[in-house]
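Heads up: the structure comes next, in structure tokens.
The values are calculated or read from the model by the stated rules, or taken from the named source; none is laboratory data. The structure presented is a predicted model; accordingly, all values stated were derived computationally and were not measured. Neighbour counts run over all protein chains shown; Cβ positions are idealised from the backbone, glycine included. All accessible areas refer to the heavy atoms of the entire protein, side chains included, with ligands and DNA or RNA removed. Shrake-Rupley method; radii C 1.70, N 1.55, O 1.52, S 1.80 Å.
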Amino acid sequence: MTTGPRSAEPTPATDGGGAPKVVAEGVPSAVRSDLGWDDGRRPVAWLHITAPGRGVTPSVRSWCVCGRDLFAAGQRRALALIADHEQHRTACPHITPAQEGRKAA
């Protein structure tokens, strides 16, 4: 019998079947034990773009928790709504917190 280092082998099961362990002892599992973990972030503005391919009209939908819900179809209108959505993300009070001293619109 050797007492020195051995090659890695599955740990025998208690019934002697040789079933490997799922996780080695002392090694943290990849599964989080606290499934209620929350960092406080919430999605508040969405942009859904559908551009299926040649010959099909692209469409865009932009909506936000502030009540915004806009839709555009056609390349020119879709591009305009994408730009408007980006601008809305800088101005929406649900996304950009109010700054002290800022004038109310």
Those residues of the range 42-72 which are touching a Phe, Trp or Tyr at 6+ places or on another chain (Cβ under 8 Å) and among the β-branched types (Val, Ile, Thr), in sequence order: VAL60
Filtered residue count, the range 53-68, keeping only those that are surrounded by 10 or more Cβ atoms within 10 Å (Cβ to Cβ) and either outside any loop (DSSP other than H, G, I, E, B) or at pLDDT below 85 (or both): 6
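Rundown of residues vs (1) among the small types (Gly, Ala, Ser); (2) open to solvent by 100 Å² or more (accessible area, probe 1.4 Å); (3) modelled with pLDDT of 65 or more; (4) not in a strand (DSSP E or B), yes/no style:
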{"residue": "MET1", "(1), (2), (3), (4)": "no, yes, no, yes"}
{"residue": "ALA8", "(1), (2), (3), (4)": "yes, yes, yes, yes"}
{"residue": "GLY16", "(1), (2), (3), (4)": "yes, no, no, yes"}
{"residue": "GLY26", "(1), (2), (3), (4)": "yes, no, no, yes"}
{"residue": "ARG32", "(1), (2), (3), (4)": "no, yes, no, yes"}
{"residue": "ASP38", "(1), (2), (3), (4)": "no, no, yes, yes"}
{"residue": "PRO43", "(1), (2), (3), (4)": "no, no, yes, yes"}
{"residue": "ARG77", "(1), (2), (3), (4)": "no, yes, yes, yes"}
{"residue": "GLU86", "(1), (2), (3), (4)": "no, yes, yes, yes"}
